[in-house]
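The structure under discussion appears below in the form of structure tokens.
The values are calculated or read from the model by the stated rules, or taken from the named source; none is laboratory data. These figures come from a predicted structure and were not determined experimentally. Neighbour counts run over all protein chains shown; Cβ positions are idealised from the backbone, glycine included.
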Amino acid sequence: MTAAASPFDALAANYDAEFTATPLGQRLRRAVWRHLDAAFPGGARVIDLGCGTGEDAVHLAARGVSVHALDASPPMADAALAKAAREGVAGRVRVETRPIEALDGLRGGPFDGAYSNFGALNCVADLGAPARALASLLRPGAPLVLVLMGRAVPWEWAWSFLHGEARKAFRRYSRRGVAWRGLTVVYPGVRLVRRAFAPGFAFRGARAIGALLPPTYAGRWADRHPALLDALDRAERRLEGVWPLPRLADHVLLRFERAA
């Protein structure tokens, strides 16, 4: 299906170089992969909501998972398709240019699970719509893994004040969201996301992705402190599920299960 121009179109060409391949990006990605690998065994058929350049889809496909990857940005979708071909897993990765808001038009279910990584759902104003669509697309018991940008981020508070940008420190609390490249980015709390996905999905837990590790805009700082980055990564992986860390992270990973 065709899609309107996305603000992510211009980011596709450099996204992997500026995030995926960086030391910080690799650690954050591996932290999510631990949960995706546990949720989706080889042979599963899953949906990737907002696939970007296809890094997660290719990783899962290499393990034998079949991925129906969706993205609203044609350049992102093209990059994902090219990456799947380059890595030899094109037969297990189907890429479709489709916004999350049009998920109810997807065919091919029931699927064995779904996931969305690194804030794609923060660009969706009404989470109830994809929640209802996913409830009809996933089989009972299917896992759903969602990684959204969090609301309360002490790293961001400190970074903003230290860089003389105090007005940005608490921007995620705005009820109207934050304007970005023509989009409105919203930062729902964990409770609101749980409410949006009930009763179709049972909540199974939250994990921190970037609570001790810095946010992505601190990537250059992270590059200069590799030993500290390793230490923070090890500590976060041990403590990622311990309250209140999931609620103080740049991204929070939420695990759901399709209700019977």
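Could you tell me how many of the residues in the range 147-192 are in contact with a strand residue (DSSP E or B) (Cβ under 8 Å, 6 or more places away or on another chain), over 22 Å from Ser6 (Cα atoms) and surrounded by fewer than 18 Cβ atoms within 10 Å (Cβ to Cβ)?
2
Looking for something modelled with pLDDT of 90 or more, over 16 Å from the mean Cα position of the chain (by Cα), under 23 Å from Trp180 (Cβ atoms) and surrounded by 13 or more Cβ atoms within 10 Å (Cβ to Cβ) - is there at least one such residue anywhere in the range 24-41?
No - not one qualifying residue is present in the range 24-41.
Show the residue pairs meeting these rules: Cβ distance below 6 Å; 6+ apart or different chains; first residue within the range 80-97 and in contact (Cβ under 8 Å) with a residue 12 or more places away in the chain and more than 13 Å from His59 (Cα to Cα); second residue of a type in the set (Ser, Thr, Tyr) and buried (at least 21 other Cβ atoms within 10 Å of the Cβ).
Close Cβ pairs satisfying both conditions: none exist.
Sort out which residues of the range 66-79 are in contact with a helix residue (DSSP H, G or I) (Cβ under 6 Å, 6 or more places away or on another chain) and either modelled with pLDDT under 95 or under 23 Å from Ser6 (Cβ atoms) (or both), and write them in order of number. Quick ask: steps written out before the conclusion?
Going residue by residue through the range 66-79, those that are in contact with a helix residue (DSSP H, G or I) (Cβ under 6 Å, 6 or more places away or on another chain) are 66-67, 69, 71, 73, 75-76, 79.
Of everything in the range 66-79, those that are in contact with a helix residue (DSSP H, G or I) (Cβ under 6 Å, 6 or more places away or on another chain) and either modelled with pLDDT under 95 or under 23 Å from Ser6 (Cβ atoms) (or both) turn out to be Val67, Ala69, Asp71, Ser73, Pro75, Met76, Ala79.
Basic (Lys, Arg) and touching a residue at least 24 places away in the same chain (Cβ under 8 Å) - does that describe any residue in the range 206-219?
Step one: of the range 206-219, the residues basic (Lys, Arg) are 207.
Filter once more, so that each one left must be touching a residue at least 24 places away in the same chain (Cβ under 8 Å): 207.
Within the range 206-219 (the criterion being basic (Lys, Arg) and touching a residue at least 24 places away in the same chain (Cβ under 8 Å)), the answer is yes, since at least one residue qualifies.
Kindly evaluate Leu253 against the criterion of being surrounded by fewer than 21 Cβ atoms within 10 Å (Cβ to Cβ) and within 29 Å of Pro143 (Cβ to Cβ).
Numbers: surrounded by fewer than 21 Cβ atoms within 10 Å (Cβ to Cβ): no; within 29 Å of Pro143 (Cβ to Cβ): yes.
No; evaluated as a whole, the condition is false for this residue.
Out of all the residues in the range 48-63, which are farther than 20 Å from Phe8 by Cα and aliphatic (A, V, I, L, M)?
Leu60, Ala61, Ala62
Condition test on Phe111, is it surrounded by 17 or more Cβ atoms within 10 Å (Cβ to Cβ), closer than 30 Å to Ala211 by Cα and at pLDDT 95 or above? Break it down into steps so the answer makes sense when it comes.
Details: surrounded by 17 or more Cβ atoms within 10 Å (Cβ to Cβ): yes; closer than 30 Å to Ala211 by Cα: no; at pLDDT 95 or above: yes.
No: the conditions fail for Phe111.
Would you call Glu236 more than 17 Å from the chain's Cα centre (by Cα) and buried (at least 19 other Cβ atoms within 10 Å of the Cβ)?
Details: more than 17 Å from the chain's Cα centre (by Cα): yes; buried (at least 19 other Cβ atoms within 10 Å of the Cβ): yes.
Yes.
Out of the residues in the range 114-146 that are part of a strand (DSSP E or B) and touching a Phe, Trp or Tyr at 6+ places or on another chain (Cβ under 6 Å), which is surrounded by the fewest Cβ atoms within 10 Å (Cβ to Cβ)?
Val145
Given the residues Phe170, Phe201, which is the only one that is closer than 30 Å to Ser136 by Cβ, more than 17 Å from the chain's Cα centre (by Cα) and aromatic (Phe, Trp, Tyr)?
After applying the criteria, what remains is Phe201.
On the given criteria, is Ala202 surrounded by fewer than 17 Cβ atoms within 10 Å (Cβ to Cβ), modelled with pLDDT under 95, aliphatic (A, V, I, L, M) and out of contact with any Cys (no Cβ under 6 Å at 6 or more places or on another chain)?
Spelling it out, it is not the case that Ala202 is surrounded by fewer than 17 Cβ atoms within 10 Å (Cβ to Cβ), modelled with pLDDT under 95, aliphatic (A, V, I, L, M) and out of contact with any Cys (no Cβ under 6 Å at 6 or more places or on another chain).
For the range 84-92, state whether one or more residues are crowded, with 20+ Cβ neighbours inside 10 Å, out of contact with any Gly (no Cβ under 7 Å at 6 or more places or on another chain), farther than 20 Å from Arg204 by Cβ and not charged (D, E, K, R).
The answer is yes; a qualifying residue exists.
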